[in-house]
Structures are given as structure tokens and as C-alpha cells.
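J.: This is the structure I want to talk about, given as C-alpha cells.
The values are calculated or read from the model by the stated rules, or taken from the named source; none is laboratory data. Owing to the predicted nature of the structure, the values given are computational and were not obtained by experimental measurement. Virtual Cβ from ideal backbone geometry, glycine too; neighbours counted across all protein chains shown.
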Amino acid sequence: MSTVDERTPEAEEPESPTNRPPGMHLATRWMERPYARRIILLTVIISAVIIALTFVMVAFMNLSGGPASDIQGEIEKTMYVLTFTSAPLMGFTLAILTYSWWGGWGKVKGPEEPTEEGPAIRTNGVAVVAWITVCSLLAAFLVIWGLVELATITASSYGSVPANQQPNAAKAIDINVTGQQWVWSFQYPDQGKITSSELVVPINVPLYFNVTSLDVVHSFWVVEAGVKIDANPGAITNTGFTPNKLGTFNIRCAELCGLHHAYMETNLRVVTQEQFDSWVREMGGAKTS
Ligand SMILES: [Cu+2]
């Protein structure tokens, strides 16, 4: 049997229903067209703008001092990864839209006016396979990244595992968080049951929160720590984090809970162990071990 390509130039001529050359050759030819190069240039520019905007947005988020925990660090990393992954596709779509707005297609002219439409892209094997493969790989990557990050964050915030079953349970500070219209209060059962309207904690020590509400549903949100959990009347929900940055951060209610919901906020103050011990003594509690 002969392996020589037996096609003759005549065989490629109009007798075929579409006179399109093989897929890769078409892609190469497409790249030679000026409008294709302009769209790719626009794609690169728009993608770069989208990625730059993400840096600006995260910088604004961190104006209040965050990230103050590994959890928030992971969340910000995920924002970057999701943006880097999706920016080129969004950039490509917006590039075609922008090019159309500018009337770019009207300038696409050959030596003579085309007498019929070009071949449909749905029968272009290379384009179809490339599009499905790229989209599937991107979607699979996002799902896997999301699941791994979710598991990491859940582990760092103690998930549904009780405090005394955590590997670092010996060191964790238990704090009872109570929401009510429209204030937060924090009770430290292991420090002589002192109660504070501000959440004062030592740096690098795991915190374990038992969260509840006295009236309606609230949501306990430690903004720069990336932790948020519902505060339900008659039930206790648990979360936690390890503060890794000294400073004063924001605690807010993240569930519409009535007239003064927007003002239901207080501070997270992360201090050194010595400052925490003296704060506990000032509040009339027992010194921590
Ligand atoms: Cu509230």
C-alpha cells in the first residue's frame, strides 16, 4: 500500500462541499490576517487591565490592615488564581466586542468582495477540539483548586471538629461570642469568665469561637481574618482562626438583623501574649497559663 498522499490539487478544489484547507493550516492563515492580530493584541491588553484591577481591589481590601490570618491569605490567593485563569477568556470575549464596537469588521476587505460566506467554524475540528479542551481543563482546574482551598480553610477554621478534638486544642483559647440587636459581646470562659465588647486576643494563638444570638439571626464576621459564621438564637455554631498580625481589625454583622444592623460592629485587637495577660488582669480575670 502506498503511503504517498494521493490527493491531487484538483481534489481540493470546489468538488468538496467546503473548500477549507486542513484545520492547522487554517489557524496559521487566520493568524496572518491583520484583524486577528489586532484582536489578539486587544485580548492581551484587556486581560492585563483585568489582572491589574484585581491587584488594586485586593490592595483596597487590605487598606484596613489585612490579611490577619492564614485563612484570609488563602482567600486572597484564590482571588488571584481565579482571576489569572479567567482573565484571558474574558479578555478574548471583550476584545471581539470592542473590535465590533469600533466597526473593525467593516474594514476587513479582500481584493474583491466575497460572494459567499466563509466556512462555518462548527465544522472546524481544530477549533472545536481546542475550545472544548481548553474550557474543560480550565473548569476542572477551578473545581479542584476550589475544593482544595475549601478543605484548607475549613481545617484552619476548625470546621465542625470540637475544640477538644483539635490537634492544638491544648493551646486554643475558647471564646463565647454573643450577638444581639445590635452589639457583640465576648466571654472568655478560661480567663475567669471576663466579658468584653471588644475582641482582644494574643497573636499566633488559635482561637475557638462558640457563637450564638440572644434574639434574631446575626452573622459573626471577622473581616480581615476571613472568618464568617451565622449566630443563631438557641444554637451554637463554631469557627476559629489563628491571628498572625498585630493590630486593630474589623468585626461586623453580616446578616441583615434590623434597624441598626449597619452599626453592629466592633474591633478585633490582636496584641502580644504579655499585653493580653495584663489586659485579662485589668478586666478582673485570671492570668492565662
Ligand atoms: Cu446583626
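J.: So how many residues does the stretch 195-221 have that are more than 13 Å from the ligand (Cβ to nearest atom), β-branched (Val, Ile, Thr) and closer than 21 Å to MET264 by Cα?
T.: 3
J.: Does the stretch 274-281 contain any residue that is in contact with a strand residue (DSSP E or B) (Cβ under 6 Å, 6 or more places away or on another chain), part of a strand (DSSP E or B), under 16 Å from ILE173 (Cβ atoms) and more than 16 Å from the ligand (Cβ to nearest atom)?
T.: no
J.: Inspect the stretch 193-211 for any residue being at pLDDT below 95, farther than 24 Å from GLN72 by Cα and not in a strand (DSSP E or B) and give the result as yes or no.
T.: For the stretch 193-211, residues at pLDDT below 95, farther than 24 Å from GLN72 by Cα and not in a strand (DSSP E or B): present.
J.: Quick check on my filter: what residues within the stretch 227-236 are part of a strand (DSSP E or B) and within 14 Å of the ligand (Cβ to nearest atom)?
T.: Within the stretch 227-236, LYS228, ILE229, ASP230, ALA231, PRO233 qualify.
J.: May I ask you to verify whether PRO189 is in contact with a Phe, Trp or Tyr (Cβ under 7 Å, 6 or more places away or on another chain) and surrounded by fewer than 22 Cβ atoms within 10 Å (Cβ to Cβ)?
T.: no
J.: Let me ask another. Between a first residue in the stretch 130-154 that is in contact (Cβ under 8 Å) with a residue 60 or more places away in the chain and among the hydroxyl-bearing types (Ser, Thr, Tyr) and a second residue that is surrounded by 12 or more Cβ atoms within 10 Å (Cβ to Cβ) and part of a helix (DSSP H, G or I), which pairs have beta carbons less than 8 Å apart while being 6 or more apart in sequence or on different chains?
T.: As it stands, the answer is THR152/GLU74, since those pairs meet every condition given.
J.: Return yes or no: is SER185 within 15 Å of LEU268 (Cα to Cα), polar (S, T, N, Q) and within 14 Å of the ligand (Cβ to nearest atom)?
T.: Taking the combined requirement at face value, the residue satisfies it.
J.: From the residues in the stretch 146-179 that are over 21 Å from VAL201 (Cβ atoms) and over 19 Å from the mean Cα position of the chain (by Cα), which one is modelled with the lowest pLDDT?
T.: Result: SER160.
J.: Here is a further query. Mind checking which residues of the stretch 246-260 are within 16 Å of the ligand (Cβ to nearest atom), in contact (Cβ under 8 Å) with a residue 60 or more places away in the chain, within 26 Å of the chain's Cα centre (by Cα) and surrounded by fewer than 19 Cβ atoms within 10 Å (Cβ to Cβ)?
T.: ASN250, the sole residue that qualifies.
J.: Still on this structure, please answer the following. If you check GLU224 against the conditions, is it touching a residue at least 24 places away in the same chain (Cβ under 8 Å) and either within 10 Å of the ligand (Cβ to nearest atom) or surrounded by fewer than 17 Cβ atoms within 10 Å (Cβ to Cβ) (or both)?
T.: It is false that GLU224 is touching a residue at least 24 places away in the same chain (Cβ under 8 Å) and either within 10 Å of the ligand (Cβ to nearest atom) or surrounded by fewer than 17 Cβ atoms within 10 Å (Cβ to Cβ) (or both).
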